[in-house]
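Just below is one structure, and these are the notes that go with it.
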Amino acid sequence: MSAKKGQKFKHYPESLKVEAIRLHVDEGWSYSKITTHLDIHDKNRVKVWMKKYREKGQAAFEDRRGDPHRAETEQERELKRLYMEVDVLKKWLLILNREG
């Protein structure tokens with residue numbers, strides 16, 4: 001499915017996905033009954049969630065948006081800032097030595 005310019009996608013929370021799976025697996029509800037009951041607009045969405053659940057289990061619904069490897073600590077940011085400051089001061093010292 002390709003997105004159209006300016007299109008917004010409906011995001012369903014993990015708890016709703018888990019409830020939909022529970023209703024289907026434990027209670028035996030049909031996909032259409034679940035979509036109506038939980039007000040899910042895409043009729044095939046629960047089928048997609050069931051497929052993911054069968055493949056990966058509960059971990060399939062964890063929110064993985066963003067890059068977890070990108071999280072910098074406060075110390076790393078401060079260290080970068082200090083390195084940049086040292087570089088600026090070195091360049092400033094070179095300029096002063098040329099003029100004087």
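The values are calculated or read from the model by the stated rules, or taken from the named source; none is laboratory data. All of these numbers come straight from a predicted model, not from anything done at the bench. Every residue, glycine among them, receives a Cβ derived from its backbone with ideal geometry; neighbour counts consider all protein chains shown.
Odds and ends about this structure:
- Flag if residue 7 is among the polar types (S, T, N, Q), in a helix (DSSP H, G or I) and surrounded by fewer than 10 Cβ atoms within 10 Å (Cβ to Cβ): no
- Entry remark, region 10-47: residues being of a type outside the set (A, V, I, L, M, F, W, C) and in a helix (DSSP H, G or I) number 14 in total.
- Number of the exception - residue 38 against (1) in contact (Cβ under 8 Å) with a residue 24 or more places away in the chain; (2) surrounded by 15 or more Cβ atoms within 10 Å (Cβ to Cβ): (1)
- Residue satisfying all of: in region 48-67; among the charged types (D, E, K, R) and under 16 Å from the mean Cα position of the chain (by Cα); modelled with the highest pLDDT among these: 62
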